[in-house]
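Structure record follows, encoded as structure tokens.
Derivation of every value follows stated rules applied to the coordinates shown; laboratory data play no part. Because the structure is a prediction, the values reported are computed rather than measured. Counting neighbours? That spans all protein chains shown, and the Cβs are built from the backbone with ideal geometry, glycine included.
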Amino acid sequence: MGEFGIQLVSSFKFYFYAPRAKEITPEETVMHTLLTDGITNTTYALILMAKLSIDRKKLLRKAEEYGLEPQVRAMIDFLDGRKTSSSVSLPNWSEFAEKARDYGALK
């Protein structure tokens, strides 16, 4: 996340292993953040999605690989329409917006 301008303080260490990868893309970062369960990690993934120009088609392909397509579709809908899904755990909009502003992802 630090590479993308989102400095976090966390009690968890995140590791990414892909022997053929030359760089970690924002889409891969979103996926691996979501793989560590929790509303906080979902919020950070949303902040990254809001802050950067994420390739949504690529993100959805990755989400399908990881079995996270419903989660990612709900997150895209959340960012586009500020609406939450009853089947997916998402922050409420005001909590998300406050944190996203802290990271420069929203104005």
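What is the packing order of peptides 71-81, 95-105, taking the mean over residues of other C-beta atoms within 10 Å and listing the highest first? Write down the numbers at each step before the final one.
On the way: 71-81: 17.5, 95-105: 15.9.
Taking the mean over residues of other Cβ atoms within 10 Å, the ranking is 71-81, 95-105.
Can you flag which of 22/51; 51/107; 62/107 are past 19 Å Cα-Cα?
On the way: 22/51 22 Å; 51/107 10 Å; 62/107 28 Å.
Correct reply: 22/51; 62/107.
Sequence-distant contacts, meaning Cα pairs under 8 Å at least 6 residues apart, place the relative contact order of segment 19-83 at 32 percent.
Its convex hull of Cα atoms gives segment 42-107 a direction-averaged projected area, equal to a quarter of the hull surface, of 4.2 nm².
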